[in-house]
Amino acid sequence: MTDFASIESFAAAEARLVAVRRQLHANPELSHQEEKTAAFVAGQLESWGYEVTRNVGGHGVVGRLKVGEGNRSIALRADMDALPITESTGLAYASTVAGVMHACGHDGHTAILLGAAEYLAQSRNFSGTLNLIFQPAEESAGRSGAVAMMDDGLFERFPCDAIFGLHNHPGAPAGMILSRPGPLMAASDSATLTVHGKGAHAARPHLGIDPIVVASAIVMALQTIVSRSVDSTEVAVVTVGTFHGGTATNIIADHATMTLSLRSFQPAIRETLKTRLKAIAEAQAAAWGARVDLAFDEGYPAVVNDAEETAFAMQIARELVGSSLVAESPLIPGSEDFAHYLTRKPGCFLRLGNGESSAALHNPGYDFNDASLTTGAALWARLAERYLHS
Ligand SMILES: [Zn+2]
Ligand SMILES: [Zn+2]
């Protein structure tokens, strides 16, 4: 048995990894449209001897490689989709598709997993089953690619004992690896709340039920959800993002509508936000003789890392880059559909530094940092080798 993969193991492959990453960057595809990216990925995997399954939950691709007699199995996941943003980087390899851009670094995530795939197929330094998941439509909250792949039998057709994924992290040094056990990224839900009052003349408000007054009372009462109903050592957000009502100065409106964003890191708190919102809205409306319609739009759940698999992944990270480049991640209020996998399988989601001066994710000036490619590929390769070590 040869040594486990290290960053140096990828020195010779680095130029090719950069070329692949930039090719993907120049040819971005929106969520649910990742046809060419998927075809490229599938072709690469096949050329290295993987058993490849296409069109899993849309444009999803799964590459499977079984080596030896080991009965453990692992899944590693990369996302492939881009965003409806017009790139402003001016880079030589900038997007060639008008209005579409890899502004979240999924080009880097895909290149990293391909790099690990090639290495692992050549070194074959493991015993067990490797499942490489190339997922479409991460940026599609209403139609998550992770959910589509699971609905298409991902874990039944390609069983795994644990699943791992990573996302680049602007603000952390290139090559730094961050994670934390338990909640890492937020659940994100939204709600639409309409208060139905009774229209009247502005001069005779006692003849109507003013939905703007009722809705205002609701907005103020909602401020007690986090401050009074959520454990003070936990984090949650209730934001009223829009508030609309009325048409003219001299009219008491018939209804008023607001939309809300709810963020949380614990399933129980996610539920609390919803139940308190409903109770407060209904009770406030009832007090004024009004009524409410409330519709929730479920987003991604929180990314909740398994303690054991996270300890394992962080140990691999320390072996690769040393303790000074491994850090406990802060809670991240963004959301990520890898969360869905973690509701079914133990695993860990990691963050990979994208440089301290990196533009923010989803910014038109953003670019994935190529200096992190070999670290990412080595992380996946070593993690798979160690997980499937007989
Ligand atoms: Zn994104
Ligand atoms: Zn992303």
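FYI, it's all coordinate maths here, none of it is from the lab. Since the model is a prediction, treat every value here as computed from it, not as a measurement. No Cβ is skipped: glycine too gets one built from the backbone with ideal geometry, and neighbour counts run over all protein chains shown.
Under a model in which nothing but the beta-carbon of Lys, Arg (+1) and Asp, Glu (-1) is charged, the chain shows a dipole of about 600 debye around its Cα centre. Peptides 357-364, 15-22 ranked from most to least packed by the mean count of surrounding Cβ atoms within 10 Å: 15-22, 357-364. Other residues within the sphere of radius under 15 Å centred on the Cβ of S357, judged by their own Cβ, net out at -3 (K and R +1, D and E -1). Listed by chain and number, the aspartates and glutamates whose alpha-carbon sits under 12 Å from that of K36, ignoring those within fewer than 8 places in the same chain, are D81.
Give me the dipole magnitude in Debye, nearest 20, for the stretch 41-182 about the Cα centre, with unit charges on the beta carbon: positive for Lys and Arg, negative for Asp and Glu. Computed charge dipole of the stretch 41-182: roughly 300 debye.
Sequentially through the stretch 351-364, phi angles give Karplus couplings (6.51, -1.76, 1.60; θ = phi - 60°) of 10, 10, x, 10, x, 5, 9, 4, 5, 5, 4, 6, 9, x Hz, Gly and Pro residues having no value and appearing as x. Across E51, E35, E69, mean-square fluctuation computed from a Gaussian network of the chain (C-alpha pairs under 10 Å connected) peaks at E69. Largest GNM mean-square fluctuation across G153, G175, G199, computed for the chain with C-alpha springs under 10 Å, falls on G199.
Between F296 and D3, the FRET efficiency estimated from the beta carbon spacing at R0 = 56 angstrom works out to 0.65. Using only the C-alpha atoms, the convex hull of the chain corresponds to 147 Å³ per residue.
Listed by chain and number, the lysines whose C-alpha is less than 28 Å from the C-alpha of K278, apart from same-chain residues fewer than 8 away, are K198. For the stretch 181-189, putting each phi into the Karplus relation 6.51 cos²θ - 1.76 cosθ + 1.60 with θ = phi - 60° gives couplings of x, x, x, 10, 10, 7, 6, 10, 10 Hz, in residue order, rounded to whole numbers and with x for Gly and Pro. Efficiency by 1/(1 + (r/R0)^6): what FRET value for A221 and H362, r their Cβ-Cβ distance, R0 = 41 Å, to the nearest 0.05? In this case the efficiency is close to 0.80. Centroid-to-centroid, using Cα positions, the stretch 226-257 and the stretch 327-364 are 29 Å apart.
Calculate the dipole size of the stretch 187-297 relative to its Cα centre from +1 charges on Lys and Arg beta carbons and -1 charges on Asp and Glu beta carbons; express the result in debye to the nearest 20.
The dipole magnitude comes to about 180 debye.
In terms of packing, defined here as the mean over residues of other Cβ atoms within 10 angstrom, the peptides 166-172, 310-316 line up highest first as 166-172, 310-316.
In Å³ and rounded to a whole number, note down the convex hull volume per residue for the Cα atoms of the stretch 187-297.
Given the Cα convex hull of the stretch 187-297, per-residue volume reads 84 Å³.
For helix 211-224, report the angle its Cα long axis makes with the longest principal axis of the Cα atoms of the chain; keep it between 0 and 90° and round to the nearest 10°. With rounding to tens, the tilt is 50 degrees.
The stretch between A248 and R124 holds 37.4 nm of extra length on full extension. This uses 0.36 nm per residue minus the Cα-Cα distance. Phi angles of the stretch 247-254 translate, via the Karplus equation with coefficients 6.51, -1.76, 1.60 and θ = phi - 60°, into HN-Hα couplings of 10, 7, 4, 9, 10, 7, 5, 8 Hz per residue; Gly and Pro are given as x.
Each peptide in 366-372, 295-301 receives the mean, over its residues, of other Cβ atoms within 10 Å, and ordering these scores from highest gives 366-372, 295-301. For the chain, the mean residue ellipticity at 222 nm estimated from helices alone is -10000 deg cm²/dmol, where every DSSP H run of n ≥ 4 contributes -39500 (n - 2.57) and the total is divided by all residues, rounded to the nearest 500.
Take the Cα of H201, step 7 Å toward its Cβ, do the same at A12, and the gap between the two points is 9.0 nm.
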